[in-house]
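Presented below is the structure to which this report refers.
Every number in this text was worked out from the coordinates using simple rules, so none of it is lab data. This structure is a prediction, so every number in the text was calculated from the model and none was measured. Here Cβ is always computed from backbone atoms with ideal geometry, including for glycine, and neighbour counts include all displayed protein chains.
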Amino acid sequence: MEPIRLTKLLASWGIASRRAVEEWIEAGRIRLNGQVVDQQGVKADPDVDTIEVDGRRVTAPSTGRRCYLALYKPLGYVSTMSDEHGRKALPDLLPKGLPRLFPIGRLDLDSTGLLLMTDDGELANRLLHPRYKVEKGYRVEIRGTPLSADEQRRFTSGLELDDGLTAPCRLQASKQPGVYLVALREGRKRQIRRMFAVLGRDVTALHRISFGPITLGTLGPGATRLLTDAETKALRQAAGLEE
């Protein structure tokens, strides 16, 4: 087999998204034939090479149906499969007997709501890639005076953050004072909190209610459910994998 970039290979195996694999490489967590991979773009031949993540060998999964799961992440959990600081992580919430899953994107420790999990690396990569503009919806509570009409216009048009101008987004004021519905098509680190901070407001609660066509629905904190076939198809359509 022709050598394949490690990011693409591990994502196709359902180990993690390409973005996560890039972060693992930067952290020195991946070894190829016993040597730490210290740069992006390294390729491997899965028929010949030995690949390890955190000292454990990883291989292609056996053929079978992919798994797609919705999870309500409660407050105080990290959006990872393990945590070196001993904090509560996603495996504490998952039912037994599932294949090896990874989260599609993240929610902060102090954020709650919908987190999608899968072993489908290609789908995860597309859902997170800006090219496909998959929208994520949030309910946000802020401290301080309500946003003025001008501040709302600035928020939706794009705000200058330390990592560049944000893309246009949607913002809707709730009937409840200090509560807003925000819909983004990009996902920078702590983006919503930083956007409100630019306008002089602190976010006191951030709750994801949707990811593309999938909504949190009636799931309670810590609960999970498998996506239906119709939901899976809609998600794949949003990522451009099905017509």
- Globularity ratio of segment 4-57, using Cα Rg and 2.2 N^0.38 Å: 0.96
- Task: Per DSSP H run of at least 4 residues, take -39500 (n - 2.57); add these up for the chain, divide by its residues and hand me the 222 nm value, nearest 500 deg cm²/dmol.
- Result: -6000 deg cm²/dmol
- Message: Placing unit charges on C-beta atoms (Lys and Arg positive, Asp and Glu negative, everything else neutral), compute the dipole magnitude of the chain about its Cα centre in debye, rounded to 20.
- Response: 660 debye
- Identify the trypsin sites (Lys or Arg not before Pro) of segment 161-224 meeting these criteria: DSSP loop state and at most 16 other C-beta atoms within 10 Å of the C-beta. Lys175, Arg185, Arg188, Lys189, Arg190
- Note on the structure: Rounded to one decimal in Å, the inverse mean reciprocal Cα-Cα distance for the chain, i.e. its Kirkwood radius, is 19.3 Å
- Quote the Stokes-Einstein diffusion coefficient, in whole µm² s⁻¹, for segment 135-211, based on the Kirkwood radius over alpha carbon pairs, a temperature of 4 °C and a viscosity of 1.567 mPa s. 105 µm²/s
- Among Leu32, Leu123, Leu93, which one moves the most in a GNM of the chain with springs linking Cα atoms closer than 10 Å? Leu32
- Query: Given the pairs Lys96/Lys175; Lys96/Lys136; Lys43/Lys96; Lys8/Lys88, which span a C-alpha to C-alpha distance of over 32 angstrom in this model?
  - Reply: Lys96/Lys175; Lys43/Lys96
- Task: Work out, step by step, the length gained on full extension between Arg143 and Ser157: first 0.36 nm times the residue separation, then minus their alpha carbon distance; give nm to one decimal.
- Result: 2.9 nm
- Note on the structure: With DSSP loop assignment and no more than 16 other C-beta atoms within 10 Å, the trypsin sites (Lys or Arg not before Pro) in segment 18-60 are Arg29
- Report the residue, chosen from Asp150, Asp38, Asp108, that carries the largest GNM mean-square fluctuation when the chain is represented by alpha-carbon nodes joined by springs under 10 Å. Asp150
